[in-house]
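The values are calculated or read from the model by the stated rules, or taken from the named source; none is laboratory data. Just so it is clear, the structure is predicted and the values come from calculations on it, not from any experiment. Cβ placement follows ideal geometry from the backbone for every residue including glycine, while neighbour counts extend to all protein chains displayed.
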Amino acid sequence: MKMILNSESEMVNRVEYGFLRGSKTSSRRNSAKKRAYLFIDGAYFRERVKDLWEMGGIRRDLRKDVERYAEYLRRLISKIKALKEIDLVGTLYYDAIVLAEKEPEKYKEQKEYFDKLRSRLDQFEIKLGDLIKIDERYRQKGVDALVAIDMITKAYLNHYDVALLVAGDRDFVNIVKAVKEYTGKLVYRVCEKDRSKHTSKELIATFDQCYDINKLLQ
């Protein structure tokens, strides 16, 4: 897992973007349910939504159609809340944004997009890494580090019993193993159940349970 943050304070100042919205969580919980946090890798989720659109003959830029994209996120969250064994207490969404000092106009456009996305979802927090242009292609930096910090910290603070991870990259393998081994928490995957080309087989093997993202998005 690559980390490009120069310091902890820089990480907090640079990428802690957003806040939890919505009503307070009730102190009276059904003991039969497991408290859960949903951790979403935005790049992975975006590709899965894009796949569904293409299968339906839809050709749109997800970065511009914030309303439709928010609807898919809302659908996922709603389906997970409906699971009888899960008590979803919060959702964290991770993505990346260009550097303001290098591409001010693009940064402004992307920030506006994330502002709109955040405003359309309750109990939804957005955290952003850097989107760096390398050899004419954009690459995300620091996103997996943000996921790791939150998953491990919240596990130690006993904020959840189960972490639900929407991701497919092999970089998350050690994060999942650390949460399970050192905190005793469960980690469930929310990804493609039958299509492995977008999801690391090694990552799949680390999870305690699986929910098929395609079914949850239908």
Inset, instruction - Restrict the check to segment 142-165 and report whether at least one residue is in contact with a Ser or Thr (Cβ under 9 Å, 6 or more places away or on another chain), polar (S, T, N, Q) and farther than 24 Å from Leu52 by Cα. - result: yes
Inset, instruction - Kindly indicate which of Asp150, Asp122 is out of contact with any helix residue (DSSP H, G or I) (no Cβ under 6 Å at 6 or more places or on another chain), closer than 15 Å to Leu38 by Cβ and surrounded by 14 or more Cβ atoms within 10 Å (Cβ to Cβ). - result: Asp150
Inset, instruction - Can you tell me which residue among Lys81, Lys108, Lys102 is at pLDDT 95 or above and surrounded by fewer than 17 Cβ atoms within 10 Å (Cβ to Cβ)? - result: Lys108
Inset, instruction - Within segment 132-181, count every residue that is without any contact (Cβ under 8 Å) to a residue 40 or more places away in the chain, more than 25 Å from Tyr107 (Cβ to Cβ) and of a type outside the set (Phe, Trp, Tyr). - result: 13
Legend entry - segment 172-194 - residue that is out of contact with any Cys (no Cβ under 9 Å at 6 or more places or on another chain) and at pLDDT below 85 and, of those, nearest to Val143 (Cα to Cα): Glu192
Legend entry - Residues of segment 83-111 that turn out to be of a type in the set (A, V, I, L, M, F, W, C) and over 19 Å from the mean Cα position of the chain (by Cα), as a count: 2
Inset, instruction - For segment 1-12, state whether one or more residues are modelled with pLDDT of 60 or more, of a type in the set (Val, Ile, Thr), in contact with a strand residue (DSSP E or B) (Cβ under 9 Å, 6 or more places away or on another chain) and closer than 24 Å to Lys154 by Cβ. - result: no
Legend entry - Test for Leu88: is it out of contact with any Asp or Glu (no Cβ under 8 Å at 6 or more places or on another chain), part of a strand (DSSP E or B) and within 23 Å of Val66 (Cβ to Cβ): yes
